[in-house]
Amino acid sequence: MNTPSASPRPRRWLPAGRHLVIAAPYGWLLLFFLLPFLFVLQISFSEVEIASPPYRPLLSQAEDVLNIALNLGNYRFIFTDPLYFDAYLSSVKVALFTTLWCLLLGYPMAYAIARSAPAQRNTWLMLVMLPFWTSFLVRVYAWMGLLDSEGLINHALLGLGLIDQPLQLLHTAFSVQLVMVYTYLPFMILPLYSNLVKLDGRLLEAAADLGCKPWRAFVSVTLPLSKNGIVAGAMLVFIPAVGEFVIPELVGTPESLMIGKVLWMEFFDNNNWPMAAAVTTTMLALLIAPIVYLHRREEKALARAQR
């Protein structure tokens, strides 16, 4: 007896749902990162023009001859002028100290939240994220009021008799570091918490049964297993801290030189878009290099663990 053959499945003109899910972030990066970056890269190889930004194309064709016009003078000037090297070095130094202090302060807080009762974790996380409910500029101006010579901190110290005259807390390197650590601390706590909350408590119990003291169990078990959270938090803090402009401008000294301020001067004071684009591209290259290195190192470590 002949059975009717199954009807052919209709051809899908749209990709499968999982393909759309995978393609969505790539499309977002293409539209809002790669295309703007290519535009900035094109400007960095241009020359200064009256119009800002310059729109002269890098490729031109005349009589079947393809001409490529690349102005390398901007990059040559970056690597020969000590101003840009000092700005990069100062930005990296401030970002490294900010990341280190956020790690030292954020790790105990994230560990305490992860080890707290499940009913209390949401409350602690809400307190960590509470500053984000207020505008970034409002928070910086609040710190300016606290650190001012007539501010709350100096009034409290004078009232307690700990000082005889107001301290110079505002417009110092200390104020820049303090406000940056306060601003970026949640970006360190949240990745660490998401990593530590997944830690199996039975591993610590096994370490205690084998005679490990609490500090030894922390160093041998907890700290290595939280490495991914440390790396993620460090990247989330270090990358935006390198290009920070608002905090050093408002609470720092006029002599404090960071790459964000250099970019502002090139764009708006000097009206030199090609040089500003070259500085931006160089900074992006310096940031991507360690990220690619860490990513490849993690891939190699994962491959060794799977063998």
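When you scan the stretch 142-152, do you find a residue that is surrounded by fewer than 16 Cβ atoms within 10 Å (Cβ to Cβ) and of a type in the set (S, T, N, Q), even just one? Yes - at least one qualifying residue is present in the stretch 142-152. Just a yes or no: is a residue in the stretch 183-204 among the β-branched types (Val, Ile, Thr), out of contact with any Phe, Trp or Tyr (no Cβ under 9 Å at 6 or more places or on another chain) and not in a loop (DSSP other than H, G, I, E, B)? No, every residue in the stretch 183-204 fails to be among the β-branched types (Val, Ile, Thr), out of contact with any Phe, Trp or Tyr (no Cβ under 9 Å at 6 or more places or on another chain) and not in a loop (DSSP other than H, G, I, E, B). Among the residues of the stretch 162-180, those identified as part of a loop (DSSP other than H, G, I, E, B) and not β-branched (Val, Ile, Thr) are LEU162, ASP164, GLN165, PRO166, LEU167, GLN168, LEU169, LEU170, HIS171. Is it true that PRO82 is free of Cβ contacts under 8 Å to residues at least 12 places away in the same chain, exposed (fewer than 11 other Cβ atoms within 10 Å of the Cβ) and closer than 14 Å to THR281 by Cα? So PRO82 does not fit the description; no.
In summary, LEU223 fulfils each of the numbered conditions (1) aliphatic (A, V, I, L, M); (2) under 23 Å from LEU100 (Cβ atoms); (3) surrounded by 13 or more Cβ atoms within 10 Å (Cβ to Cβ) with the single exception of condition (3).
Any chance the stretch 117-131 includes a residue that's exposed (fewer than 11 other Cβ atoms within 10 Å of the Cβ) and either over 30 Å from GLY201 (Cα atoms) or in contact with a strand residue (DSSP E or B) (Cβ under 8 Å, 6 or more places away or on another chain) (or both)? No, because not a single residue in the stretch 117-131 is exposed (fewer than 11 other Cβ atoms within 10 Å of the Cβ) and either over 30 Å from GLY201 (Cα atoms) or in contact with a strand residue (DSSP E or B) (Cβ under 8 Å, 6 or more places away or on another chain) (or both).
Bear in mind these aren't lab numbers, they're just calculated from the coordinates by the rules spelled out. The structure presented is a predicted model; accordingly, all values stated were derived computationally and were not measured. A quick note on method: Cβ atoms are made from the backbone with ideal geometry, for glycine too, and the neighbour counts reach across all protein chains shown.
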